[in-house]
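Step one of this worksheet: look at the structure below.
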Amino acid sequence: MASKVHKKYPVIRGLTWHRDQYYSFFVPQDWHKMHWSDDRTGVIYGPDPADPFTVFAVDLKDLGTLVTAADLDALAEGLFGSIERLPASEIETREQKATGKLLELEAKYTFCEQGETRKCWKRVFYHETRQIAMTAQGATPEKYDYWLPLFFEAMMTANVHNVKPQPEFWD
């Protein structure tokens, strides 16, 4: 008789709402908040500050030009092409869509970095003149799979907007 393998899942101790002028999402409240070490604008959250490769990160850029649905194919070609050029890359899924004035590209893939296979989920939003790249990455495919429920929470609660949302309280 084959033994059953029980998959371990991370414990969720609560979520906090990260609110920025142009994007927002929910992230585990016990994750560590970090900032980019270079001049990028955005934020990085991770379950372990000693593991800089298992993170949920947001990189915001103002492109200085209005992005429209007519740009979608060129943007997709650029993103997916850059992923394909990563060492030992393999794209599992890729999507592109335009919803009103919001453009979205999404890819799930593996690649090699510093001798390690990493697994990544990237969603890139284009809104007006901004590019908002959200990346969920595991230092290894196993770490990615373990943290996927919490990466999913952050990715799928992501909103893109022009005004920093305010909490609503009941009267």
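Bear in mind these aren't lab numbers, they're just calculated from the coordinates by the rules spelled out. Every value quoted in this text rests on a predicted model; they were computed, and no experiment measured them. Cβ atoms come from the backbone with ideal geometry, glycine included; neighbour counts cover every protein chain shown.
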(request) Would you work out if the chain is rounded, prolate or oblate? Take a ≥ b ≥ c from the square roots of the eigenvalues of the alpha-carbon gyration tensor; rounded if a/c is under 1.5, else prolate when a/b is larger than b/c, oblate otherwise. (result) oblate
(message) With an 8 Å Cα cut-off and a minimum separation of 6 or more residues, compute the relative contact order for the chain in percent.
(response) 25 percent
(message) Based only on other Cβ atoms within 10 Å, what is the fewest-to-most ordering of V43, V11?
(response) V11, V43
(request) Can you spot the aspartates and glutamates whose alpha carbon is less than 16 Å from K97's alpha carbon? Ignore those fewer than 8 places along the same chain. (result) D71, D73, E77, E106, E128
(request) Between M155, M134, M34, find the one with the highest GNM mean-square fluctuation for the chain; connect C-alpha pairs within less than 10 Å. (result) M34
